[in-house]
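S.K.: What follows is a structure written as structure tokens; I'll ask about it next.
The values are calculated or read from the model by the stated rules, or taken from the named source; none is laboratory data. Here the structure is a predicted model, which means the values were calculated and not measured. Ideal geometry is used to build each Cβ from the backbone, glycine not excepted, and the neighbour counts take in all protein chains shown. These area figures cover heavy atoms from the full protein model, side chains too; ligands, DNA and RNA do not enter into them. Shrake-Rupley method; radii C 1.70, N 1.55, O 1.52, S 1.80 Å.
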Amino acid sequence: MKKLNLDSKIQNSKLNIPKNFLYFLIAPLLILLTGVILLCTIGFNLGTDFTGYSVVKVYVNNELEIVDETVSSYDLNDKKDYNKVYNKITDALSGQDVKITSYTISSMNIIDENFIVSNGQAVEIKYQHNTNDLELIEVTDNTIRQNLIAEFSYQNYDQAVSSADFVEPATNLGWTIAIVASIVFAFIVSAIYMSFRYSPTASLVMLMQLALDLFLVIALLTICRLTINFSMGIILLATFAFSLFYIIYFYMKTKDNLKSEKHGKVGLSMLANVTTKEMIYKKMLIYGLVLIATILFIAVAVEGVRQVALGLLIALVVTFYTSTFILPSFWVTLFKDKKKQNLNKNKNSQ
């Protein structure tokens, strides 16, 4: 008996899956598998919104208020001095289980028995702990402050380094539950709309497509190690909106083509291909402009905004790919029964 190749197996399958469907699914399945493995091993790259952070300021003696030959003076407007200060700070934090999340030029007011500083130049360091143990965080913060005092030779001027204060997480489990509940509610409303507007099968296709898009975006956020902060909700809701827009647009165009005489009586696969080809050029133009704008925005944006822009860029790429290559195949596969009914009607009419 002759062995069938993969194309033949797909074309002759009982599910009547379009022949390229499985090829287009390879990349999404690999992404999902990789994302699940990373999520189970190293987890999300959680930002300070979920973990909290500590903040400390270090005076740099730029105006020589501290007159001591053991204490150096730095001007943060000078690149070399800026880098020297940064290296001292990273040395002070090395060996501690923390990650610097922000390093910015700031100012300090200091009243000490040896010197007085008004709006003196300083650096503000925010760093993230890799533990939730508050006692361990307090010990680490005290150790880092003492290390900074030693690095800058402030043993006799300890007020030149502020206390390291821990800031509680701004986002908690309740916020996460609210986002999930919002998405579930949107799923239900969208499913009801598609069921009444088109059919229960269309509602099922929509749910599968939306779930695939959301899981792919979450997997890519994990793989790319983007920082997960409050922006996670914005990215997921944007993904949902992009995906839903293209699903409804695809159905509207397909319905118009189904009624159109210029396409004649064609099968579902051909009809899905026709609709996809009509949509892809418009989508490429829109996506091209949006992608260019997003990339330019990423190049000039500050770090926090850049993370959101990168997440939205991932959402755009994912929804473009799935709405172009996966959605038509979902539609053809799940509408098989309707295709059979149409064929039987044509045979009976003949």
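S.K.: Kindly indicate the residue of segment 82-116 that is of a type in the set (Phe, Trp, Tyr) and outside any helix (DSSP H, G or I) and also nearest to Thr51 (Cα to Cα) among those meeting that condition.
M.R.: Tyr103
S.K.: Ok, one more. What's the total number of residues in segment 164-212 that are touching a strand residue (DSSP E or B) at 6+ places or on another chain (Cβ under 8 Å) and loosely packed, with under 12 Cβ neighbours inside 10 Å?
M.R.: 2
S.K.: When you check Ile110 against the structure, is it among the β-branched types (Val, Ile, Thr), open to solvent by less than 40 Å² (accessible area, probe 1.4 Å) and over 38 Å from the mean Cα position of the chain (by Cα), yes or no?
M.R.: Yes: the conditions hold for Ile110.
S.K.: Examine segment 62-72 for a residue that is under 25 Å from Val305 (Cα atoms) and open to solvent by 60 Å² or more (accessible area, probe 1.4 Å), and state whether such a residue exists.
M.R.: No, there is no match, as no residue in segment 62-72 is under 25 Å from Val305 (Cα atoms) and open to solvent by 60 Å² or more (accessible area, probe 1.4 Å).
S.K.: Separate question: Restrict the check to segment 225-244 and report whether at least one residue is among the hydroxyl-bearing types (Ser, Thr, Tyr), surrounded by 17 or more Cβ atoms within 10 Å (Cβ to Cβ) and under 30 Å from Arg197 (Cβ atoms).
M.R.: Yes, segment 225-244 contains a residue that is among the hydroxyl-bearing types (Ser, Thr, Tyr), surrounded by 17 or more Cβ atoms within 10 Å (Cβ to Cβ) and under 30 Å from Arg197 (Cβ atoms).
S.K.: Take segment 134-189 and flag every residue that is within 27 Å of the chain's Cα centre (by Cα) and not in a helix (DSSP H, G or I).
M.R.: Listed by number, the residues that qualify are Phe166, Val167, Glu168, Pro169, Ala170, Thr171, Asn172.
S.K.: Taking Gln209, is it within 30 Å of Met108 (Cβ to Cβ), assigned to a helix (DSSP H, G or I) and touching a residue at least 40 places away in the same chain (Cβ under 8 Å)?
M.R.: no
S.K.: Moving to a separate point now. Quick check on my filter: what residues within segment 113-141 are closer than 23 Å to Pro169 by Cα, open to solvent by 90 Å² or more (accessible area, probe 1.4 Å) and either polar (S, T, N, Q) or touching an Asp or Glu at 6+ places or on another chain (Cβ under 8 Å) (or both)?
M.R.: Once the filter is applied, which keeps residues that are closer than 23 Å to Pro169 by Cα, open to solvent by 90 Å² or more (accessible area, probe 1.4 Å) and either polar (S, T, N, Q) or touching an Asp or Glu at 6+ places or on another chain (Cβ under 8 Å) (or both), segment 113-141 yields Asn130, Asn132.
S.K.: Give the residue that is farthest from the chain's Cα centre (by Cα), with candidates limited to residues of segment 91-107 that are free of Cβ contacts under 8 Å to residues at least 24 places away in the same chain and open to solvent by 40 Å² or more (accessible area, probe 1.4 Å).
M.R.: Among those residues, the one meeting the criterion is Ser107.
S.K.: Has segment 43-60 got any residue that is more than 35 Å from the chain's Cα centre (by Cα), modelled with pLDDT of 90 or more and either part of a loop (DSSP other than H, G, I, E, B) or loosely packed, with under 14 Cβ neighbours inside 10 Å (or both)?
M.R.: Yes.
S.K.: Still on this structure, I have one more. Report whether or not Leu258 is part of a helix (DSSP H, G or I), at pLDDT below 80 and within 28 Å of the chain's Cα centre (by Cα).
M.R.: No.
S.K.: In this structure, does Ala202 turn out to be of a type in the set (Gly, Ala, Ser), at pLDDT below 90 and in contact with a helix residue (DSSP H, G or I) (Cβ under 7 Å, 6 or more places away or on another chain)?
M.R.: Yes; evaluated as a whole, the condition is true for this residue.
S.K.: Among Leu22, Leu29, Leu33, which is the only one that is aliphatic (A, V, I, L, M), without any contact (Cβ under 8 Å) to a residue 24 or more places away in the chain and surrounded by 15 or more Cβ atoms within 10 Å (Cβ to Cβ)?
M.R.: The conditions single out Leu22.
S.K.: Can you tell me which of (1) modelled with pLDDT of 85 or more; (2) open to solvent by less than 60 Å² (accessible area, probe 1.4 Å) is the one His263 doesn't meet?
M.R.: Looking at each condition in turn, His263 falls short on (1).
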